[in-house]
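Some notes on the structure that comes next.
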Amino acid sequence: MNSEENKKLKHVAIIMDGNGRWAQERNHPRVWGHIRGSQVVSSIVQAADDCGVEALTLYAFSTENWSRPVTEVKVLFKLLKKFLQKERERIIKNRISFRVIGDIDNLPNDTQNLIAEIEETTKEFEGLKLTFAFGYGGRKEIIDSVNNFIQNNPGKPLSEEDMESCLYRPEIGDVDLLIRTGGDHRISNYLLWQVAYAELYFSQTKWPEFSANEFQCICENFMSRERRFGSVSATDCLGSSKKSAASNLKVLGTK
Ligand code: IPE
Ligand code: IPE
Ligand code: MG
């Protein structure tokens, strides 16, 4: 991969965290933070589209979030449905291709139907690939993918390419930039395979206060980073003339 290719910001993934604490700091119940947080999502989708990002994957509900109080989980379900109803037209108008990854069997039928309908309507759209991770866990995705492969290819060893092609949505690809809001520094079982070489950015801002402006600044910060993918920097490659490499080998006694 050349250095220009390294700098491309194709896939941004976000862990939208901090809703509950944001509300509690203001003496409101946690769900108030979820309501405010859900209102921020469309402005960030727009910002990603404006920045020319190809794929945006948003963590909305993890497999571990099932352990939350039922009332909170129900509010999160309702907010997902409301978001989809409100944003459906805009998604279509902006030629955004929408999908959900994760286990949504426990969502109410009408929400599952709405998701299926938007996925079907937008599946050929060539604009931003917008993915909601809902009922999603990175370990589960890896296990499901491996089992899927074994079932279809009994006895065949699994390669990295095979693995990639068996993920829930192979088309979203590796994550270039992973942003987590809310101040914590962890991955929380998100896109474990796809973040292998992602740049990480942890923001102190709690999700309800995250803005398009901060998103844009983080993207600019990404552009200033050097991604080496285990290699050495481009300038080091140019600087190491054959002559100096040869003399170094001599010092090491290998020549
Ligand atoms: C993120 O906000 C939303 C979900 C996990 C669904 P939290 O609800 O985790 O908020 P904090 O981290 O407790 O503040
Ligand atoms: C991660 O946030 C999941 C989502 C943002 C949907 P959590 O709040 O659930 O993560 P932990 O529990 O702090 O690791
Ligand atoms: Mg949290």
Determine the pairs where a residue that is in the same structural domain as residue 189 (by TED's automatic domain parsing) and at positive phi, located within region 9-34, has a partner that is open to solvent by less than 30 Å² (accessible area, probe 1.4 Å) and within 16 Å of ligand 3 (Cβ to nearest atom) with Cβ atoms under 7 Å apart, the partner being 6 or more residues away or on another chain.
-> 18/181; 18/182; 18/183; 18/207
Pairs only if they're at least six apart or on different chains, beta carbon under 7 angstrom, first in region 167-184 and on the phi > 0 side of the Ramachandran plot, second more than 16 Å from ligand 3 (Cβ to nearest atom) and part of a loop (DSSP other than H, G, I, E, B); list them, first residue then second.
-> 173/10
Taking the residues in region 188-217 that are within 16 Å of ligand 1 (Cβ to nearest atom) and without any contact (Cβ under 8 Å) to a residue 60 or more places away in the chain as candidates, determine which candidate is most open to solvent (accessible area, probe 1.4 Å).
-> 204
Among (1) without any contact (Cβ under 8 Å) to a residue 12 or more places away in the chain; (2) touching a Leu at 6+ places or on another chain (Cβ under 9 Å), the one test that residue 122 misses = (1)
Restricted to region 88-106 and to residues being in contact (Cβ under 8 Å) with a residue 40 or more places away in the chain and out of contact with any strand residue (DSSP E or B) (no Cβ under 9 Å at 6 or more places or on another chain), the residue most open to solvent (accessible area, probe 1.4 Å) is 90
Given the structure, is residue 182 of a type in the set (Gly, Ala, Ser) and surrounded by 15 or more Cβ atoms within 10 Å (Cβ to Cβ)?
-> yes
Hey, could you check region 36-54 for residues that are in contact with a Lys or Arg (Cβ under 9 Å, 6 or more places away or on another chain) and within 16 Å of ligand 3 (Cβ to nearest atom) and say which is most open to solvent (accessible area, probe 1.4 Å)?
-> 38
If you go through region 2-21, how many residues are touching a Gly at 6+ places or on another chain (Cβ under 9 Å), open to solvent by 10 Å² or more (accessible area, probe 1.4 Å) and in a helix (DSSP H, G or I)?
-> 2
Residue pairs meeting the criteria (Cβ under 7 Å; at least 6 apart or on separate chains; first within 16 Å of ligand 3 (Cβ to nearest atom), in region 75-87; second open to solvent by 30 Å² or more (accessible area, probe 1.4 Å)) = 75/31; 79/35; 79/38
Among (1) within 30 Å of residue 229 (Cβ to Cβ); (2) open to solvent by less than 90 Å² (accessible area, probe 1.4 Å); (3) away from ligand 2 (no atom under 16 Å from the Cβ) - the single one residue 160 does not satisfy | (2)
If we scan region 40-60, do we find a residue that is assigned by TED's automatic domain parsing to the domain that holds residue 180, within 11 Å of ligand 2 (Cβ to nearest atom) and assigned to a helix (DSSP H, G or I)?
-> no
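The values are calculated or read from the model by the stated rules, or taken from the named source; none is laboratory data. Note that the structure is a prediction, hence the values are computed from the model and not measured. Neighbour counts are summed over all protein chains in view; Cβ atoms, including those assigned to glycine, are modelled from backbone coordinates with ideal geometry. Ligands, DNA and RNA are excluded from the accessible area calculation, which covers all protein heavy atoms including side chains. Shrake-Rupley method; radii C 1.70, N 1.55, O 1.52, S 1.80 Å.
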